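To keep things clear, I will list the structure first and then write my remarks on it.
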Amino acid sequence: MRTFSRLLLCALTALALIVIVAAPWSGAPAQSRLRVLATLPDLWAITRAIVGDLGEVQVATRPGQNPHDLEIRPSQFVLVKRAEILVRNGLDEDAWIDPIIESSGNPRLLRGAPSVVEAARGLTILKIRTGPIDRSLGDVHPSGNPHFTLDPGTLPVVTANIVAGLSRLRPDLADRLETNRRAFLDEIGQATRRWKAILEPYRGAPIVSYHDSWPYFYRAFGLEELGIIEDRPGVPPSPQHLVALIRRMRERRAKLVLVESWYATGTATALAQAAGARVLVVPQSPGAMKGTETYEAHLETLVTSVARALAE
């Protein structure tokens, strides 16, 4: 009898220990954190502001890397394989990721899948190409200019697309994602009013750029696109094109040539000297230059740099 009592006591003790250990894990399992991959640094900066501490947001390109001249790396396959949702431009700026996705064994990130966010959806796109398009035209974007995030006025639509896509995957986070979105838009809205005031004295100023990166930036801040050094994207400009551009700059007294930080400045410098202008090297995307890792810091650098150069 004594032996039976001891066995019963041991059994009850073991059962109690099981209950105590299992108690913290009872109920619904905790949801995992979001694993988001953005194709480009601007989308990474915006998505990171929305996700906040709800997950991890990574970018498939290195900061400061020209997306038009991208070398595919093994690390990109790892990023694509791990991601559960993809935020992409939606035009042609990041078509290079399609073969990576097809080879990675992650069908969730294929174009058209529910886990893919097209950031450009619903925007008014500038410079949509018409007519025949072939390689003789250079690295053109048939669907239109893809640099829309350089106009902060596009962010309400872009961020709504991102939140909608993330919420499809994780409806339990929808309210918190929308709260983060609204806080981000409020912050950028205040900054935009300051940026417009900074550039207001230079409204209508004619500007030349090396690459066709800036139509949305010009639209946002009332600047004029006078010309582009690359008459065909990715192709060195012809002497005739440069001579005509210098003549136009002299006639309009254009004083500024923008060069994205990943391009060599030789041609732009020669053009600026001939036209009596100056070259300003700028980051075309967040992280391309030190101190521009967030969306707001990037636009702040662009606006203040352009205003300072026009003032001089």
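The values are calculated or read from the model by the stated rules, or taken from the named source; none is laboratory data. Quick caveat, the model's predicted, so the values are computed rather than measured. Glycine gets a Cβ as well: all are built from the backbone with ideal geometry, and neighbour counts include every protein chain shown. These area figures cover heavy atoms from the full protein model, side chains too; ligands, DNA and RNA do not enter into them. Shrake-Rupley method; radii C 1.70, N 1.55, O 1.52, S 1.80 Å.
Relative to the Cα centre, the charge distribution of the range 39-82, modelled as +1 at Lys and Arg Cβ and -1 at Asp and Glu Cβ, gives a dipole magnitude of about 160 debye.
For the chain, with all protein chains in place and a probe radius of 1.4 Å, 57% of the accessible heavy-atom surface sits on carbon or sulfur.
Under the simplified labelling scheme, the Leu126-Thr304 pair shows an inter-label distance of 2.4 nm, with each label point 7 Å from Cα along Cα→Cβ. Over all projection directions, the Cα-based convex hull of the range 232-312 averages an area of 5.7 nm². Mind checking which of Ala272, Gly287, Leu310 is farthest towards the positive end of the range 246-312's charge dipole, using Cβ charges of +1 (Lys, Arg) and -1 (Asp, Glu) about the Cα centre? The one lying farthest along the dipole's positive direction is Ala272.
Looking at the chain, the accessible area is 50 square angstrom per residue; that uses a 1.4 Å probe and ignores ligands, DNA and RNA. Consider all pairwise Cα distances in the chain and report the whole-number % of them above 31 Å. Of all Cα-Cα distances in the chain, 40 percent exceed 31 Å.
Note on Leu185: accessible area approximately 40 square angstrom, rounded to 10, probe 1.4 Å, nucleic acids and ligands left out. If you sort Trp195, Trp96 by accessible surface, 1.4 Å probe, largest first, the order is Trp96, Trp195. When restricted to Cα atoms, the range 169-249 yields an Rg and a Dmax of 19.3, 59 Å, respectively.
Among Tyr202, Asn180, Thr154, which residue has its Cα furthest toward the positive end of the charge dipole of the range 138-217, with +1 on Lys/Arg Cβ and -1 on Asp/Glu Cβ? Projecting each Cα onto the dipole axis, the largest value belongs to Asn180. Computed about its Cα centre, the charge dipole of the chain is approximately 500 debye, with only Lys, Arg, Asp and Glu carrying charge at their Cβ. About its Cα centre, what dipole magnitude does the range 64-201 give when the only charges are +1 on Lys and Arg Cβ and -1 on Asp and Glu Cβ, stated in debye to the nearest 20? Magnitude of the dipole: close to 300 debye.
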